[in-house]
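Asker: Once you've had a glance at the structure underneath, I'll fire off some questions.
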Amino acid sequence: MNFQFSETQQMIRETARQFAREELAKSVIERDEKEEFPYESIRKMGELGFMGMMVPELYGGAGLDTMSYVIALEEIGMVDASACVIMSVNNSLVCWGLDAHGTEDQKQRYLIDLASGRKLGAFALSEPEAGSDATNQRTTARRDGDFYVINGTKNFITNGSNADVVLVIAATDKAKGTKGISAFIVEKGMPGFAVAKKEKKMGIRSSDTVSLAFEDCRVPVVNRIGEEGLGIKFALKTLDGGRIGIATQGLAIAEASLEAAIKYSHERKAFDRPIAELQAMQFKLAEMATSIEAARYLIFNAACMKDRKEPFGAAAAMAKLFASKIAVQCALESVQIHGGYGYMREYHVERFLRDSKITEIYEGTSEIQRIVISRALLQ
Ligand code: CAA
């Protein structure tokens, strides 16, 4: 397979790299420390076309393919994993879903603002009792004339407190099981919709993660995405694409960990020479670089399959399973290479380690990815 970048893709990489290293890098440690959302940077990412990369220009997006999106996301994630997940959720879980399944009216009312970065989106599937077991939805949406009345709680929602628009999954007919679940567009400010608890997290601390509460929240029927009963299929299909984004976040953290380790091993001297000359360090770097290369090919493969409109769910799950694992491994090794300094908060690598762990958890744990992969093998 040929993964040579086009001229446009090379330009996207350069633009994203420059933005990440000049804009995001300057206060990334401080934002993490203060758990501060990067409002200004996200606004600028919208202006650069990074918030709706796969959406047609007609609907406010950049009209690019998944590969281009992955290329930009990787550069952002190497510097700031929080900005990376904010971008990934808006692109893969919100804009992609609306573009693929929204009505023309929904695209006009919501997608244009979301894809251009003027507004931010969130995706509300998870609940206190529906994490890996996503079909176990307790949130209900009862039809009442031209409205649905939503009641329930969503949790661990990325972008939740800053989102203008939330795609909400809820049970419309419990008796129908997985075929009785639907998807809705809920706007900030709709009566009965409130942001609840803000989580205090181990990593990706400048992204916001909250619970959302729905109490008799009336949502117009025209805000239902697709037919009634197709909500779980919509959510799981959307998550297939989301997993390419999180795999890329894992890859980016692994690469940043390697980059920092190489730099440090040239600078740091022990036993009268740079530690880069010690075979113990060289072998660690070689292992990290090899796993990063393998993760990149799995991600590019999944992205290309998606762009060719082939079934790509298992390929995305493989990419996420592997990239998230090596993100944690590379971050750990980088801390080890940095020795005591790696444990200190003024160095970036302790943040890489904290940020890496979530890639094995959200948008489907590693255990869920193994289920998705093995089901594809055995069907
Ligand atoms: N695309 C479309 N439809 C799909 C699908 C897919 N990838 N996977 C399953 N479906 C369909 C099935 O065909 C089935 O349809 P029918 O009822 O018509 O037969 C329906 O969806 C239910 O699927 P299953 O019967 O396979 O359901 P299951 O209970 O066995 O669960 C699962 C499947 C793979 C475990 C799924 O529940 C899953 O992926 N869980 C993890 C959920 C997850 O990733 N959550 C992340 C939360 S979002 C997040 O983290 C975002 C963030 O903020 C960063």
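Every number here is computed from the coordinates shown, using simple stated rules; none is lab data. What you are looking at is a predicted structure, and each value in this text was computed from that prediction instead of being measured. With ideal geometry, Cβ positions are generated from the backbone for all residues, glycine too; neighbour counts draw on all protein chains shown.
Asker: P(r) of segment 215-257 in 5 Å steps, Cα pairs, percent per bin?
Answerer: Pairs per bin, as whole percents: 5, 17, 15, 14, 13, 11, 10, 7, 6, 1.
Asker: When you take every Cα atom in segment 1-54, what is the radius of gyration, and what is Dmax, the widest Cα pair distance, in Å?
Answerer: For segment 1-54, the Cα-based Rg and Dmax read 13.7, 44 Å.
Asker: Filter the chymotrypsin sites (Phe, Trp or Tyr not before Pro) in segment 256-343 to those in DSSP coil with at most 15 other Cβ atoms within 10 Å of their Cβ, and list the result.
Answerer: Phe271
Asker: Using alpha carbon centroids, what distance separates segment 351-375 and segment 277-343, in Å?
Answerer: Result: 13 Å between the Cα centres.
Asker: Calculate the radius of gyration of the Cα atoms of segment 122-228 to one decimal place, then report Dmax, the largest Cα-Cα distance, as a whole number, both in Å.
Answerer: 13.3, 44
Asker: Out of residues 5 or more away from Phe147 or on other chains, whose amide H comes under 5 Å of its own, with H placed 1.01 Å from N in the peptide plane?
Answerer: Placed amide hydrogens put Val221 under 5 Å from Phe147.
Asker: Evaluate Rg over Rh across segment 297-378, taking Cα atoms for both radii and Kirkwood's formula for Rh.
Answerer: 1.12
Asker: Within segment 295-379, which GluC sites (Glu not before Pro) sit in a loop by DSSP and count at most 11 neighbouring Cβ atoms inside 10 Å?
Answerer: Passing sites in segment 295-379 are Glu346.
Asker: List every residue whose amide H lies under 5 Å from the amide H of Ala122, counting only residues 5 or more places away in sequence or on a different chain, with H placed 1.01 Å from N in the peptide plane.
Answerer: Val165, Val166, Leu167
Asker: Turning to a different aspect of this structure: Leaving out same-chain residues fewer than 8 places away, which lysines sit with a Cα under 22 Å from that of Lys306?
Answerer: The reachable lysines, counting only those whose Cα sits under 22 Å from Lys306, are Lys107, Lys233, Lys237, Lys320.
Asker: Taking DSSP loops as anything outside H, G, I, E and B, show the longest stretch in the chain free of trypsin sites (Lys or Arg not before Pro) there with at most 13 other beta carbons within 10 Å.
Answerer: Free of exposed loop sites, the longest segment is 1-199.
Asker: Under a point-charge model restricted to the Cβ atoms of Lys and Arg (+1) and Asp and Glu (-1), what is the dipole moment magnitude of segment 7-119 relative to its Cα centre, in debye to the nearest 20?
Answerer: For segment 7-119, the charge dipole is close to 160 debye.
Asker: Any chance you could run the full-extension gain for Ala294 through Lys179? It's 0.36 nm times the residue separation minus the Cα-Cα distance, nm to one decimal.
Answerer: Full-extension gain reported as 37.6 nm.
Asker: Another question, if that's okay. What are the semi-axes of the equivalent ellipsoid for segment 1-158, taken as the square roots of 5 times the Cα gyration tensor eigenvalues, largest first, in whole Å?
Answerer: The three semi-axes for segment 1-158 are 30, 20, 15 Å.
Asker: So, one more: To the nearest 0.05, how large is the calculated FRET efficiency for Ala194 and Asp105 if R₀ is 22 Å and r is the Cβ-Cβ distance?
Answerer: The value I calculate is 0.25.
Asker: Which values of log₁₀ I(q)/I(0), to two decimal places, follow from the Debye formula for segment 233-378 at q = 0.14 Å⁻¹ with a uniform point scatterer at every Cα?
Answerer: For segment 233-378 at q = 0.14 Å⁻¹, log10 I(q)/I(0) is -0.66.
Asker: How many times 2.2 N^0.38 Å is the alpha carbon radius of gyration of the chain?
Answerer: Dividing the Cα radius of gyration by 2.2 N^0.38 Å gives 0.99.
Asker: Can you tell me the length gained on complete extension of the stretch Glu47 to Glu22, counting 0.36 nm per residue apart and subtracting the Cα distance?
Answerer: My answer for the length gained is 7.4 nm.
Asker: Quick one: what Rg and Dmax do you get for segment 186-297 from the alpha carbons, in Å?
Answerer: Here Rg and the maximum Cα pair distance are 23.1, 72 Å.
Asker: By a straight-distance test (C-alpha under 15 Å), which aspartates and glutamates pair with Lys200 as possible cross-link partners, with residues fewer than eight away in the same chain excluded?
Answerer: Here the aspartates and glutamates satisfying the reach criterion relative to Lys200 are Asp32, Glu33, Glu35, Glu36, Asp208, Asp355.
Asker: What nm value, rounded to one decimal, do you get for the distance between Leu58 and Gln10 when each label is placed 7 Å out toward the C-beta?
Answerer: Once both label points are built, they end up 3.2 nm from each other.
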